[in-house]
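K.L.:
Below are the structure tokens for one structure; questions will follow.
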Amino acid sequence: MNYFEYRERELFAEEVAVRDIAERFGTPVYIYSARTLRRHFRAMRDAFAGTDHLICYAMKALSNLSILHLFAAMGSGFDIVSGGELMRCLKAGADPRTIVFSGVGKTDEEIVTALRAGILMLNVESRPELRRISELATRLDLRAPVSLRVNPDLDPHTHPHISTGHRTSKFGIPLSQVFEYYAEARGLSGLELVGLSTHIGSQITETEPFTEAAGKIATIVKQLKADGIGLKYLDMGGGLGIPYQEEPPSPQQYAAALLQPIRQLGLRIIIEPGRVLVGNAGILVTRVLYSKETDVKRFTVIDGAMNDLLRPVLYEAWHSILPVDAREERPPITSDIVGPVCESGDFFAQEREMPEPRAGDLLAVMSAGAYGFAMASNYNSRPRAAELLVDGRQVHVIRSRETFEDLIRSEHIVDVSPDGNT
């Protein structure tokens with residue numbers, strides 16, 4: 001459910017016409033719906049009602065400070081994967097005691113900063129990391145709260161680039177080594193063993209992988225308890241998909257599948273939804289520049305590009321693309337929707353059937369809230385788009401459109417000899 005809808009064949013973001021937003025703020029532009037963000041967070045919270053749980057938004061999906069601030073105000077914690085994301089959370093008003101730090105490559109600086117901030121826990125993924133965290137915590141005269149991330153070795157039936165639960169993945173500890181890891185961690189004086197974590201992938205559209213992973217993890221937790229290792233937290237990650245073309249489970253179905261094997265373990269359950277909270281809460285609006293026809297194909301050239309939305313070429317992702325103004329009946333055509341970047345991979349859709357777009361038309365790329373702006377770049381020296389948050393009739397600029405001066409702000413021209421002579 002989202003609050004982007006047609007009214008008299010014009011697309012609206014909550015109470016504001018998308019056409020008016022584009023005319024005022026230019027294109028390409030990301031538009032997010034605050035009403036949708038609130039609805040999605042509440043739906044996930046309600047799905048886990050009656051259990052001791054903490055929702056930690058996986059902020060890599062969309063990390064704008066205003067979005068983080070909204071979730072923090074609703075009681076969300078955060079799943080982070082870098083020191084920069086930690087700084088964003090703290091700037092947005094997050095309680096550090098609700099922050100979980102994941103990822104396979106934490107630097108010394110990131111670990112120290114997280115420990116000093118007093119975060120809930122660090123998810124550990126390798127022996128060297130385990131030992132390094134203990135060393136750094138000991139130097140700080142602290143005990144680092146850690147959770148070991150277990151790789152459950154299962155196929156979540158999603159795109160290979162976003163599948164993290166198979167044993168060939170870089171993520172997590174192999175099942176065969178879990179008890180060795182916990183035994184070693186218990187002997188390291190700089191650590192406090194507080195949890196167990198797992199995460200099997202993203203854009204998962206069936207419940208069976210969640211239930212299977214939870215069943216494997218429940219067996220491990222019971223054995224750890226029998227071995228005298230009592231934990232506080234069970235972090236089951238995220239991964240629930242959204243309807244691009246698929247029809248994923250509802251939050252209620254997801255919660256039921258996940259909780260069935262782990263409800264009676266007596267641990268606080270942490271979930272880390274990302275895409276499911278923000279994906280359908282955002283759109284990317286772009287303007288048609290030209291129509292180009294060759295002897296074999298038709299192209300619709302737009303002012304948005306792969307630097308604005310990388311998902312189609314990176315993940316072979318499918319996004320619905322809708323006319324912002326559908327009042328005029330247009331004949332259907334089949335076209336590639338492409339941008340101006342100098343790469344053959346610069347497309348939003350290929351062989352897409354849609355009402356004929358014409359120069360000047362506005363198109364809305366739907367379900368672009370997750371991994372859209374978060375993956376944007378300045379490739380081809382293109383300034384990144386503005387980000388806007390619509391709340392009822394109010395349109396807030398939450399990130400200004402970049403300028404050429406922004407692009408070169410941190411660069412320096414060095415005057416060196418063109419012939420190599422000093």
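The values are calculated or read from the model by the stated rules, or taken from the named source; none is laboratory data. Note that this is a predicted model, so its numbers are computed, not measured. We place every Cβ from the backbone using ideal geometry, glycine too, and count neighbours over all the protein chains shown.
K.L.:
In the range 26-41, which residues are closer than 13 Å to Val390 by Cα and in contact (Cβ under 8 Å) with a residue 60 or more places away in the chain?
P.N.:
Val29, Tyr30, Ile31, Tyr32, Ser33, Ala34, Arg35, Thr36, Leu37
K.L.:
Oh, and also: Within the range 101-125, work out how many residues are surrounded by 15 or more Cβ atoms within 10 Å (Cβ to Cβ), within 19 Å of Lys170 (Cα to Cα) and at pLDDT 95 or above.
P.N.:
First pass over the range 101-125, keeping only residues surrounded by 15 or more Cβ atoms within 10 Å (Cβ to Cβ): 101-104, 106, 110-115, 117, 119-125.
Of the ones still in play, those that are also within 19 Å of Lys170 (Cα to Cα) are 101-104, 106, 122-125.
Among the residues that remain, those that are also at pLDDT 95 or above are: 101-102, 106, 122-124.
So the answer is 6.
K.L.:
On the given criteria, is Asn421 farther than 30 Å from Gln245 by Cα, assigned by TED's automatic domain parsing to the domain that holds Phe12 and not charged (D, E, K, R)? Let's see the steps before the verdict.
P.N.:
Working: farther than 30 Å from Gln245 by Cα: yes; assigned by TED's automatic domain parsing to the domain that holds Phe12: no; not charged (D, E, K, R): yes.
Criteria not met by Asn421.
K.L.:
If you don't mind, another one. Given the conditions (1) more than 26 Å from the chain's Cα centre (by Cα); (2) on the phi > 0 side of the Ramachandran plot, which single one is not true for Ile408?
P.N.:
(2)
K.L.:
Out of the range 268-299, which residues are in a loop (DSSP other than H, G, I, E, B) and either aromatic (Phe, Trp, Tyr) or surrounded by 18 or more Cβ atoms within 10 Å (Cβ to Cβ) (or both)?
P.N.:
Glu272, Pro273, Gly274
K.L.:
Restricting to strands (runs of 3 or more DSSP E) lying wholly in the range 76-145: which have 2 or more residues that are out of contact with any strand residue (DSSP E or B) (no Cβ under 6 Å at 6 or more places or on another chain), without any contact (Cβ under 8 Å) to a residue 40 or more places away in the chain and farther than 16 Å from Leu193 by Cβ?
P.N.:
Filter on the range 76-145 gives an empty set.
K.L.:
In the range 185-204, which residues are at pLDDT below 90 and not in a strand (DSSP E or B)?
P.N.:
Ile200, Ser202, Gln203
K.L.:
Based on what the data block shows, is Pro128 modelled with pLDDT under 95, surrounded by fewer than 23 Cβ atoms within 10 Å (Cβ to Cβ) and more than 18 Å from Ser202 (Cβ to Cβ)? Lay out the reasoning, then the answer.
P.N.:
On the way: modelled with pLDDT under 95: yes; surrounded by fewer than 23 Cβ atoms within 10 Å (Cβ to Cβ): yes; more than 18 Å from Ser202 (Cβ to Cβ): yes.
In short, yes.
K.L.:
Given (1) assigned by TED's automatic domain parsing to the domain that holds Glu343; (2) more than 18 Å from Glu23 (Cα to Cα), where does Ala385 come up short, assuming only one miss?
P.N.:
Answer for Ala385: the failing condition is (2).
K.L.:
Being surrounded by 13 or more Cβ atoms within 10 Å (Cβ to Cβ) and either modelled with pLDDT under 95 or touching a Pro at 6+ places or on another chain (Cβ under 9 Å) (or both) is the filter here, so list the residues in the range 385-418 that pass it.
P.N.:
Correct list: Ala385, Ala386, Arg401, Glu402, Asp406, Leu407.
K.L.:
Within the range 339-354, can one find any residue that is among the polar types (S, T, N, Q), at negative phi, modelled with pLDDT of 95 or more and not in a loop (DSSP other than H, G, I, E, B)?
P.N.:
Looking for residues that are among the polar types (S, T, N, Q), at negative phi, modelled with pLDDT of 95 or more and not in a loop (DSSP other than H, G, I, E, B), one finds at least one in the range 339-354, hence yes.
K.L.:
Being in contact with an Asp or Glu (Cβ under 9 Å, 6 or more places away or on another chain) and either on the phi > 0 side of the Ramachandran plot or not assigned by TED's automatic domain parsing to the domain that holds Ile80 (or both) is the filter here; which residues of the range 92-120 pass it?
P.N.:
Hit for the range 92-120 is Gly103, nothing else.
K.L.:
Can you report the number of residues in the range 376-389 which are touching a residue at least 60 places away in the same chain (Cβ under 8 Å) and over 11 Å from Phe25 (Cβ atoms)?
P.N.:
Let us first name the residues in the range 376-389 that are touching a residue at least 60 places away in the same chain (Cβ under 8 Å), namely 376-380, 382, 384-389.
Next, from what is left, pick out any that are over 11 Å from Phe25 (Cβ atoms): 376-380, 382, 384, 389.
Selection size over the range 376-389: 8.
K.L.:
Need the failing condition index for Ile55 against (1) surrounded by fewer than 20 Cβ atoms within 10 Å (Cβ to Cβ); (2) under 23 Å from Tyr233 (Cβ atoms); (3) touching a residue at least 40 places away in the same chain (Cβ under 8 Å); (4) of a type in the set (A, V, I, L, M, F, W, C), just the number.
P.N.:
For Ile55, the exception is condition (1).
K.L.:
Right, something else. Within the range 67-93, restricting attention to residues that are among the aliphatic types (A, V, I, L, M) and surrounded by 24 or more Cβ atoms within 10 Å (Cβ to Cβ), which residue is nearest to Val395 (Cα to Cα)?
P.N.:
Once the filter is applied, the top-ranked residue is Ile67.
K.L.:
Has the range 225-237 got at least one residue that is part of a helix (DSSP H, G or I), within 21 Å of Glu180 (Cβ to Cβ) and of a type outside the set (Lys, Arg)?
P.N.:
yes
K.L.:
Just to be sure before I move on: is Ile321 crowded, with 16+ Cβ neighbours inside 10 Å, in the same structural domain as Leu363 (by TED's automatic domain parsing) and under 20 Å from Glu353 (Cβ atoms) in the structure I sent?
P.N.:
On the way: crowded, with 16+ Cβ neighbours inside 10 Å: yes; in the same structural domain as Leu363 (by TED's automatic domain parsing): yes; under 20 Å from Glu353 (Cβ atoms): yes.
Here the answer is yes, as Ile321 does meet what is asked.
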